[in-house]
1. Return the residues of the stretch 350-401 that are more than 23 Å from residue 188 (Cα to Cα), open to solvent by less than 30 Å² (accessible area, probe 1.4 Å) and part of a helix (DSSP H, G or I); say none if nothing qualifies.
2. Does residue 144 satisfy being modelled with pLDDT under 95, under 13 Å from the mean Cα position of the chain (by Cα) and closer than 24 Å to residue 293 by Cα?
3. Mind listing whichever residues of the stretch 24-45 are in contact with a helix residue (DSSP H, G or I) (Cβ under 7 Å, 6 or more places away or on another chain), over 17 Å from residue 3 (Cβ atoms) and outside any helix (DSSP H, G or I)?
4. Quick check: is even one residue across the stretch 96-113 closer than 16 Å to residue 277 by Cα and surrounded by fewer than 24 Cβ atoms within 10 Å (Cβ to Cβ)?
5. Note down all Cβ pairs under 7 Å where the first residue falls in the stretch 41-63 and is closer than 20 Å to residue 8 by Cβ, the second is surrounded by 11 or more Cβ atoms within 10 Å (Cβ to Cβ) and of a type in the set (Phe, Trp, Tyr), and they're at least six residues apart or on different chains.
6. Hey, among the residues in the stretch 114-133 that are of a type in the set (D, E, K, R) and open to solvent by 40 Å² or more (accessible area, probe 1.4 Å), which one's farthest from residue 257 (Cα to Cα)?
7. Need the failing condition index for residue 176 against (1) in contact with a Pro (Cβ under 8 Å, 6 or more places away or on another chain); (2) farther than 20 Å from residue 78 by Cβ, just the number.
8. Of all residues in the stretch 1-47, which are touching a Phe, Trp or Tyr at 6+ places or on another chain (Cβ under 6 Å) and open to solvent by 70 Å² or more (accessible area, probe 1.4 Å)?
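The values are calculated or read from the model by the stated rules, or taken from the named source; none is laboratory data. Remember, predicted model here, so these are calculated numbers, not experimental data. As a convention, Cβ positions derive from the backbone with ideal geometry for all residues, glycine included, and neighbour counts pool all protein chains shown. Surface accessibility is based on the protein's heavy atoms, side chains included, excluding ligands, DNA and RNA. Shrake-Rupley method; radii C 1.70, N 1.55, O 1.52, S 1.80 Å.
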Amino acid sequence: MAALKYWVWLTNVPGLSIHSQWLLLEHFHSPEEVYYAEEAQILLTPGITVQQAQLLREKSLREAEEILAECARKEIFIVTVQDAMYPARLRNIYHAPLLLYGKGALPLFDEEAAVAVVGTRKCTPYGVHWAEQLGYEMAKQGALIVSGLAEGLDAAAHRGALRAGGFVAAVLGCGVDVVYPKSSQRIYEDIAATGVLLSEYPPGTAPDHWRFPQRNRIISGLSLATVVVEAPEGSGALITARTAAEQGRDVFAVPGPLGVKESVGCNQLIRDGAGLISSGWDVLEQYRSWFPHRLHRDESQLPDLPEGGVKPEEKKEAQLLPQKEALPLLDLTKNKAGLTDDQLRIIRVLDLHEGKLTDEVAEETGLPVRRVLSALTVMEIDGYARQEGTRRFVRTVEIKD
């Protein structure tokens with residue numbers, strides 16, 4: 001931990017670029033040696049100018065210690081580029097982040113078939129469907145889904161992967177303790193509980209717009225391939241695709257209808273050599289021989305909402321209306337509707353009228369609270385449960401078991 005404060009110090013020196021940080025690390029081998037070096041020694045670093053050396057005159061470690069204390073308080077881990085857990089796949093890209101802050105569980109990315117699924121924030125229903133469907137399919141087939149938690153297609157890809165019970169990694173353009181956008185609060189909480197949230201920025205960092213193109217190199221750098229679902233000209237998703245290509249990673253795109261601006265970027269990517277896909281397996285088949293024990297073909301489709309159920313976008317309006325009609329029936333003797341084992345245990349203990357606290361659900365099912373929260377998030381998205389008050393949930397379907 002003592003050495004970690006020097007990593008935090010070096011990566012937060014005002015005005016010092018990631019390029020300069022790497023030059024210093026390669027010359028001195030550790031941030032601690034950079035910290036204790038005299039300015040004359042700093043100037044011996046190839047590529048470092050007098051102005052850059054002057055930035056390192058400030059030797060206070062107060063900010064670094066405050067960041068470490070905040071990380072400890074908020075259960076945020078830090079992994080440096082020299083740590084064994086740091087993904088080699090990411091370390092090998094140009095200007096890899098010297099350290100990553102994270103919430104959740106850091107997977108061994110180099111042992112995972114990680115695929116980035118990205119797209120525009122201002123998307124069409126077509127894009128939402130395919131981002132969620134591809135996230136679901138590839139997670140079901142053994143892939144780890146990476147995206148940026150942005151509004152629109154990033155969130156849809158995360159949602160699909162979560163519905164499949166897959167592991168999800170979200171790379172943020174702000175601190176990992178900052179929920180942005182606010183509309184992604186529930187998905188953020190679910191990923192923190194069952195996946196991993198990552199950022200190169202310390203806790204509390206605001207989501208300034210310039211940070212998002214910079215974080216895109218991490219999304220593609222963690223992944224074997226990047227899938228673009230919808231992207232108008234100038235979209236950030238096209239930046240991610242271009243970065244992926246520069247990193248030597250594969251790029252795939254979902255074709256879209258001609259004349260629709262949201263599909264212009266994808267169609268151009270395909271024209272320029274990106275792989276055209278119509279299913280998740282079109283992507284994963286390329287890596288099956290690399291991960292024979294992880295990847296398996298699965299034709300499962302994203303489960304529909306229960307018949308007569310409420311679509312996610314209609315939930316808010318529907319909750320304002322009296323519920324006079326009979327609730328939809330979910331016959332578990334015939335159809336599990338794509339519910340996971342955890343979700344099946346939970347739906348059986350939820351009540352139709354009296355909300356149960358997540359702690360009560362955990363006690364009755366024997367599941368950890370974090371898994372209960374994760375499952376309930378997906379069940380709410382799918383229309384099988386509804387939150388009433390603080391962490392109280394009711395079932396929204398009749399069940400036959």
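1. Of everything in the stretch 350-401, just one residue is more than 23 Å from residue 188 (Cα to Cα), open to solvent by less than 30 Å² (accessible area, probe 1.4 Å) and part of a helix (DSSP H, G or I), namely 365.
2. no
3. Matches in the stretch 24-45: 43, 45.
4. no
5. 59/35; 61/9
6. Taking the stretch 114-133 first, the residues of a type in the set (D, E, K, R) are 121-122, 132.
From what's left, open to solvent by 40 Å² or more (accessible area, probe 1.4 Å): 121-122.
Details: 121: 18, 122: 16 Å.
For the stretch 114-133, the residue satisfying everything is 121.
7. (2)
8. The answer is 32, and nothing else.
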